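Step one of this worksheet: look at the structure below.
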Amino acid sequence: MELLNSLDKNPYIGGEPSTETKNEGGMLSNPENMFGVFNTKQFVVGALIGAVGAYLLTNEKAQKNLFKTIAKGTEMFQAGIEEMKERFEDAKAELAAKEA
């Protein structure tokens, strides 16, 4: 029963979409409703991301530099984790010394 209610509310099933109007030939009279509004900012961001992706996929030198940077970042992250472990052990030892 719930499925039937949700299907009744769907503008694409069993009726014409309420925001779109069709002319006599059955074509949409306002194509903006079909494709939405063009957003220049989203287009530019998408184009830049695509360009960077294409550059990285096709340039071997860029790939090597990217992987070196990732490796250095991972190394620094691991060093930070080790430092945190040392601080934790130091704090644990201080607590043990105060209890004794």
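Count of the range 62-82 residues, restricted to those that are open to solvent by less than 100 Å² (accessible area, probe 1.4 Å) and either within 30 Å of VAL52 (Cβ to Cβ) or modelled with pLDDT of 95 or more (or both), is 12. For PHE38, the conditions (1) in contact with a helix residue (DSSP H, G or I) (Cβ under 9 Å, 6 or more places away or on another chain); (2) open to solvent by 70 Å² or more (accessible area, probe 1.4 Å); (3) at pLDDT 90 or above all hold with the exception of (3).
The values are calculated or read from the model by the stated rules, or taken from the named source; none is laboratory data. Remember, it's a predicted structure, so these values are computed and weren't measured experimentally. Neighbour counts run over all protein chains shown; Cβ positions are idealised from the backbone, glycine included. Only protein heavy atoms, including side chains, enter the accessible area calculation; ligands, DNA and RNA are left aside. Shrake-Rupley method; radii C 1.70, N 1.55, O 1.52, S 1.80 Å.
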